[in-house]
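The values are calculated or read from the model by the stated rules, or taken from the named source; none is laboratory data. Small disclaimer: the values here were computed from a predicted structure and weren't measured. Backbone-built Cβ (ideal geometry, glycine too); neighbour counts: all protein chains shown. These area figures cover heavy atoms from the full protein model, side chains too; ligands, DNA and RNA do not enter into them. Shrake-Rupley method; radii C 1.70, N 1.55, O 1.52, S 1.80 Å.
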Amino acid sequence: MKYERANLLPNIGTWELDLKTGVLEWDFITKSIYDVVDNQFSDYNSVINSYAGSEHRDRINALIEKLIRTGEPFVEQFEILTRKGNLKWVESSAQAEFEDGVCVLIYGTFQDITAHKTLLNSLKLNEEKFQKAFEFAPIGMALVSLEGKWMKVNKQVCKITGYTEDELMELTFQEITHPDDLDNDLVFLNKMLKKEIDNYDMEKRYFHKNGHTVWVHLTVSLVWNNEGAPLYFISQINDITEQKKASEALLREQQRLKQTIEGTNIGTWEWNVSEGRIIYNERWAAIVGYTLEELKPISKQTWTDLVHPDDKEIPDKALDKCFTKETEYYECEYRMKHKNGEWVWVHDRGKVIDWTNDNKPLLMLGTHADITQRKNSEQELRNTLDLVSEQNKRLVDFTHITSHNLRSHIGNFQMLLNLLPEETDEHKKKELIDFLITIANDLQETVHYLNEVLQIQTNLNQQIKKVNLYHEVEKVLVNFKETLDKNSAIVQVNIPTNLSINYSIEYIESVLVNLISNAIKFRQPGRNLRIKIETEIQEKYIILKIEDNGTGIDLELHGQKLFGMYKTFHSNKDSRGLGLFITKNQVDAMGGKIEVESEVGQGTTFKVYIKKH
């Protein structure tokens, strides 16, 4: 064979066709390419029919006919169908020999180029894909020279910058980059050129053709040739102007919210209901006197533990209503324990902002506001209104009392004045005049006591001071010492020596004098007088108890009128029925109350409730 030496070349087969004899010879490589053994293709026509498709068959026929006719050699690529049904790409070459101007022999080489062809097709396909991806990408794509000139751009780059493709080709990226961003951009480019980094991304600003600023997210990589020299940059440009505007607006809103929270001293909380995690800000902790560090580990239980025992149901019920969507917002007011032991009032408000598909709460946000001052002001207002209401009630009662007592005296006075001119008996006239003098004295005394009661009921500004209760009791007992000793009275005082109350000194002294004098005045004949004075401390009141073993009071008979004016319940000639009336008015004026327990023949206990401050 003419090309037997070609057997020395890897993967290249040879063939030869003797046109005189019609004998076709293949070497073993050509046979392996065709997946045949021995001479399964015995003639020229069988070989031609192995070419895949009429296009390849027609082309090889035409080339061979031209070769035989003119002797013009060829090297061409064809697709063949092998004996085993495999499609392969081959590269075939052919030459001719002539004798006396007639072609007698054609011969050539045969090489399997399927892998190479597949690679080329793949590269071509990838290039087409790249071109399409480049041109129709949803973000800007550009090839940029090492000097910064735009080499190739897609439509999105033109849309982002406002320039046409031709206009950009006349510019560099440096010319349309915001000066405040250019230095950083160039630093990154130089690092890539020095192979310190493979790529970089950054946010930067371009100047739009119309003059306004466009924010973009830029990603840049560098293409190198086989010798390791840089060729050009590939840039991906994403317009983030709207995101930037939204981000800046959100930042401004967050700053306003932060300033609002700081300005209004509002605590905030974020509760992941499903996971049980809760986040408080420092103000939330400060409302109850702590720092967040002091409250760690922080959980929902941190909140619950600080709520007043009497108020625990309040937030629970409000949460239930919110979680069942009975109310859109969670809102309530309750007390929490401050670090210093006091109770602070908080206004708690929140909303579920994320729900599960089956309407279970996932995430809830809310605020805490310290409303202690408001609550105290409301309580003071209620106290004032109660006091004014009570004062008005007492003034109405006082009006009835005044009317009744003055009318009684004036009626008697008028009757005697009417009788006096008609009386001729001098002795009886003198008696009438004596009666008039007595009535006048009684009237003067009544006016005196009514004026005293009126002062108690109308004096809202009675001076209140810190008074040591034990010392006041001892001082009053000293004034009664002679009387107590004379009656062999036993007095027991069980009051802490350091107990102080906020009270009018004049009123507490008057209350003690009236109640102790009553105990002495209404002692049980034939029995040594015993008086016990003690205190009991409750949450809202200090209770002053004055107990005696005197004659006692029939409360079923006199209980309703016990503290009325001129009401007496014993036969004692010194009783005027004013002491308890004045005492009750004084105690009421100080925001307290007075109660009595008594049993006839056994004794009486008065309880004076002194308001704690």
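Some observations on this one:
Per-residue answers, yes or no, for (1) under 21 Å from LYS152 (Cβ atoms); (2) of a type in the set (A, V, I, L, M, F, W, C):
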| residue | (1), (2) |
| --- | --- |
| ASP183 | no, no |
| LYS195 | no, no |
| GLU203 | no, no |
| ASN210 | no, no |
| HIS217 | yes, no |
| LEU231 | yes, yes |
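- Hits in region 292-309 (condition: more than 20 Å from the chain's Cα centre (by Cα) and either open to solvent by less than 70 Å² (accessible area, probe 1.4 Å) or modelled with pLDDT under 90 (or both)): HIS308
- Those residues of region 564-599 which are among the β-branched types (Val, Ile, Thr) and either at pLDDT 90 or above or outside any loop (DSSP other than H, G, I, E, B) (or both), in sequence order: ILE582, THR583, VAL587, ILE594, VAL596
- Within region 50-66, tally of residues that are closer than 17 Å to LYS88 by Cα and either in a helix (DSSP H, G or I) or of a type in the set (Gly, Ala, Ser) (or both): 9
- Residue tally, condition surrounded by 13 or more Cβ atoms within 10 Å (Cβ to Cβ) and under 18 Å from TRP215 (Cα atoms), over region 155-167: 8
- Lone unmet requirement of (1) open to solvent by less than 20 Å² (accessible area, probe 1.4 Å); (2) within 16 Å of ASP18 (Cα to Cα) for ILE60: (2)
- Whichever residue in region 600-613 is assigned to a strand (DSSP E or B) and surrounded by fewer than 21 Cβ atoms within 10 Å (Cβ to Cβ) and, among such residues, is farthest from the chain's Cα centre (by Cα): THR605
- Taking region 310-342 as the range and being surrounded by fewer than 16 Cβ atoms within 10 Å (Cβ to Cβ) and under 18 Å from THR372 (Cβ atoms) as the test, the residues that pass are ASP310, LYS339, ASN340, GLY341, GLU342.
- Filter result for PHE78 (touching a residue at least 24 places away in the same chain (Cβ under 8 Å) and surrounded by 15 or more Cβ atoms within 10 Å (Cβ to Cβ)): yes
- Residue within region 231-252 that is part of a loop (DSSP other than H, G, I, E, B), surrounded by 11 or more Cβ atoms within 10 Å (Cβ to Cβ) and modelled with pLDDT of 90 or more present: yes
- Residue count for region 179-197, restricted to those that are out of contact with any helix residue (DSSP H, G or I) (no Cβ under 9 Å at 6 or more places or on another chain) and open to solvent by less than 30 Å² (accessible area, probe 1.4 Å): 3
- Failed criterion for SER145 (all others in (1) under 44 Å from the mean Cα position of the chain (by Cα); (2) touching a residue at least 40 places away in the same chain (Cβ under 8 Å); (3) open to solvent by less than 50 Å² (accessible area, probe 1.4 Å) hold): (1)
- Residue match in region 148-156 (condition: touching an Asp or Glu at 6+ places or on another chain (Cβ under 9 Å), of a type in the set (D, E, K, R), within 30 Å of GLY22 (Cα to Cα) and modelled with pLDDT of 90 or more): no
- Pairs where the first residue, in region 590-608, is farther than 17 Å from GLU534 by Cα and the second is of a type in the set (A, V, I, L, M, F, W, C) and open to solvent by 70 Å² or more (accessible area, probe 1.4 Å), C-beta under 8 Å, 6+ apart: MET590/ILE464
- Every residue from region 313-329 that is assigned to a loop (DSSP other than H, G, I, E, B) and touching a residue at least 12 places away in the same chain (Cβ under 8 Å): LYS325, GLU328, TYR329
- Residue match in region 350-361 (condition: among the polar types (S, T, N, Q), in contact (Cβ under 8 Å) with a residue 60 or more places away in the chain and not in a helix (DSSP H, G or I)): yes
- A count restricted to region 198-208 and to residues that are more than 38 Å from the chain's Cα centre (by Cα) and either surrounded by 15 or more Cβ atoms within 10 Å (Cβ to Cβ) or touching a residue at least 60 places away in the same chain (Cβ under 8 Å) (or both) stands at 3.
- Which listed residue is in contact (Cβ under 8 Å) with a residue 60 or more places away in the chain and open to solvent by less than 20 Å² (accessible area, probe 1.4 Å), from VAL476, VAL511: VAL511
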